[in-house]
Amino acid sequence: MEKALVLAASAIGAGLAMIAGIGPGIGQGFAVGKACEAIGRQPESSGAVTRTMFIGCAVAESTGIYAFVVALILMFINPFLGKL
Amino acid sequence: MLDFLSIDVGTIIFTLCNLLILFLVFKKFLFGRVYKILDERQNDVTETYNKADESLEHAKSLESEYSALMQGAKEESAEIIRNASKKAQQRSDEIISDAKKEAGTILAKADEDVEREKKRAQNELRGEISELAVLVAQKVVEKEINEEDHDRFINDFIENVGDLK
Amino acid sequence: MKVSDFFQGVKNVEIGGPKIAFSFDVFGVKINVTETIIISWAIVLGLTLLVLFLTHDMKKKPVKKRQVIAEFLVETVDNLVKNTMGEKFKAFGPYIAALFASSIFGSLVSLIGLRSVTADFSTTLTWALMSFVMIETAKIRTDGIGGYLKSFINPLNIISEVSTPVSMSFRHFGNVAGGMIITSLIYFALTGLSTAIGLAVPVFCIGIPAVLSLYFDLFSGFMQAFIFIMLTMIYIESACSKE
């Protein structure tokens, strides 16, 4: 019974953790939109803009990745089962 | 098996060693060697440029030398021409002056000749006239005239004749 | 993915750390030699041989293709370092190249069925700590020890300093490990799909995961390696320049 409860709570926690995926989604959307604007304005510098955008996107993605790691740990490693 | 999210001391140490080894390998064998080659190439290029500069310099100096030589030659030729024309001028002047001098001498000689001829003719004339006078006197006067008067008389006559000239 | 998995399908998702090949004690400390270490040894060995092959017998006039490749690699790294950090940080080139090479090959070994080196948190933590030490050294050399310690009067600075290696290591690890887990989940799901419609051999596992691995292994591995070295360079450069 307790195990089931912990597992259910872990699954819910993992799901909640992945709400953090909203942040990088919005951020990357903004970044890509601005990059498109910049390329539209200055098509000759598209290479530099794209490179910078990718780096920025990857950095912005890190919060989402943290959430993802937390969710994975909760789902597959179940650290709280050992605490029972 | 280790945990999914685990920090393992052995892995950290070995990874550090691996990174350092890879760093040293890259530094020594990739970057070091390539830099060496690039440096050599750079040196070669610099050397080539220096050589080109040098030869350009050399060509320039040669050119200036030749142009100086040419200038000298031109000057020399001008000098020669000037000298030659001067000499020719001198020579022609000389010739002309010679000719003039000769002409002068010839003229003087001719004058002299004329003078002498004239004198001779005068003398001749004088002789003839004196003879003639003596003859005339003998014939016309037929009287004794002493020698002295005779001579004086003739000389007066000649004097008068001489004044006529 | 193992060969047996290919024929039987993945029946069970097991997500764990790297397997321990053997372990020994040094002064009472247990040192584990894991899968990660053996693979990274192989990577170092392979890269060393590659470098020796590429730079073997170099001529002033490049006659061999491999010399051109070696020069191209060196010049690319040089230009990247110069453009990001400036001319005076040229000496960082080999370190950046070593970091990038071990990172990208550590991620790409998953293409041949091995466990990614970078899917082990210890590896990325080591690299991040290495960069962290360099950044702090640069700061101390720029500000002097007094100035360096003075910057910690504001305790928030301690958090921002510590968060640098943590975020760098977690970002790289999370991306690669997440990709690995998603790949195994996809294998699991495709096996389940195959058995659900009654196929003995999981045919769905043939083509579909390859497309996804193109993103998770190739693109993500390359991006994360690039971001790792870019962040290292930018942090060191900004630590060296006084405000």
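The values are calculated or read from the model by the stated rules, or taken from the named source; none is laboratory data. This one's a predicted model, so the numbers in the text were calculated from it and none came from an experiment. In this analysis, Cβ positions are derived from the backbone assuming ideal geometry, glycine residues included, and neighbour counts consider all displayed protein chains.
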Across region C:23-69, what is the total count of residues that are touching a Pro at 6+ places or on another chain (Cβ under 9 Å), at the interface with another protein chain (Cβ under 8 Å from one of its Cβ atoms) and part of a helix (DSSP H, G or I)? 2
Any chance region B:13-31 includes a residue that's among the charged types (D, E, K, R) and more than 7 Å from chain C (Cβ to nearest Cβ)? yes
Of all residues making up region C:87-116, the number that are more than 8 Å from chain B (Cβ to nearest Cβ), closer than 16 Å to residue C:36 by Cα and either under 8 Å from the mean Cα position of the chain (by Cα) or of a type in the set (Asp, Glu) (or both): 5
Quickly run through region C:105-119 and pick out the residues that are surrounded by 20 or more Cβ atoms within 10 Å (Cβ to Cβ) and touching a Phe, Trp or Tyr at 6+ places or on another chain (Cβ under 9 Å). C:107, C:110, C:117, C:118, C:119
Restricting attention to region A:2-21, and to residues there that are out of contact with any helix residue (DSSP H, G or I) (no Cβ under 8 Å at 6 or more places or on another chain) and surrounded by 12 or more Cβ atoms within 10 Å (Cβ to Cβ), which single residue is modelled with the lowest pLDDT? A:9
Name every residue in region B:32-57 that is at the interface with chain C (Cβ under 10 Å from one of its Cβ atoms) and under 18 Å from residue C:78 (Cβ atoms), in order of residue number. B:32, B:33, B:34, B:35, B:36, B:37, B:38, B:40, B:41
Looking only at helices (runs of 4 or more DSSP H) that fall completely inside region C:151-243, which ones have 3 or more residues that are within 23 Å of residue C:137 (Cα to Cα), small (Gly, Ala, Ser) and within 14 Å of another protein chain (Cβ to nearest Cβ)? C:155-196
List pairs: first residue in region C:138-165 and under 27 Å from residue C:122 (Cα atoms) and touching a residue at least 12 places away in the same chain (Cβ under 8 Å), second residue hydrophobic (A, V, I, L, M, F, W, C) and not in a helix (DSSP H, G or I) anywhere in the structure, Cβ distance under 9 angstrom, at least six positions apart or on different chains. C:161/C:152
Restricting region A:32-66 to residues that are in contact with a Pro (Cβ under 9 Å, 6 or more places away or on another chain) and hydrophobic (A, V, I, L, M, F, W, C), which is nearest to the other protein chains (Cβ to nearest Cβ)? A:65
